[in-house]
Amino acid sequence: KIVMKIILNNREEEFSMDSLSVNQLLEVQKLSFRMRIIKINGQLIPREKYDSTIINDGDKVQVIYLMSGG
C-alpha cells in the first residue's frame, strides 16, 4: 500500500513507509554515487545528517551529482 509520495529529481516516487531518512532513500533508490549533494525542499542537507534527516510525504528532494573535469 502506498503511504508516502515525494518528488525526487522532478519525478513523483511512491513508498510504502510513512517516512524515511536520507540514507534510507539513497539505499532504496540505489543512489550510491559518492559525489553528490542532497536538498530537501530547497535546503541543503549535510552528509553527517543523512541518518537523522527525515523525508516526509510531499517533500521535494533533489539529488545533485557533482562532476569534476575541465
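The values are calculated or read from the model by the stated rules, or taken from the named source; none is laboratory data. Note that the coordinates shown come from a computational prediction; the quantities given were computed from them, not determined experimentally. Every residue, glycine among them, receives a Cβ derived from its backbone with ideal geometry; neighbour counts consider all protein chains shown. Remember, those area values only see protein heavy atoms, side chains included, never the ligands or the DNA or RNA. Shrake-Rupley method; radii C 1.70, N 1.55, O 1.52, S 1.80 Å.
I'm trying to understand the selection: among the residues of the range 43-56, which are open to solvent by 30 Å² or more (accessible area, probe 1.4 Å) and under 10 Å from the mean Cα position of the chain (by Cα)? The answer is ILE54, and nothing else. The single condition from (1) of a type in the set (A, V, I, L, M); (2) open to solvent by less than 50 Å² (accessible area, probe 1.4 Å); (3) out of contact with any strand residue (DSSP E or B) (no Cβ under 8 Å at 6 or more places or on another chain) that MET67 fails is (2).
Screening ASP59 against (1) surrounded by fewer than 15 Cβ atoms within 10 Å (Cβ to Cβ); (2) modelled with pLDDT of 90 or more; (3) among the acidic types (Asp, Glu) leaves a single unmet condition, (1). Filtering the range 1-16 to residues that are touching a strand residue (DSSP E or B) at 6+ places or on another chain (Cβ under 7 Å) and either loosely packed, with under 11 Cβ neighbours inside 10 Å or within 12 Å of ASP59 (Cα to Cα) (or both) leaves ILE2, MET4, LYS5, ILE6, ILE7, LEU8, ASN9, GLU12, GLU13, GLU14. Checked against the criterion of being touching a Leu at 6+ places or on another chain (Cβ under 7 Å) and open to solvent by 100 Å² or more (accessible area, probe 1.4 Å), the range 19-42 contains one or more residues that satisfy it.
If you go through the range 18-42 and pick out every residue that is more than 15 Å from THR53 (Cα to Cα) and not hydroxyl-bearing (Ser, Thr, Tyr), you end up with 8.
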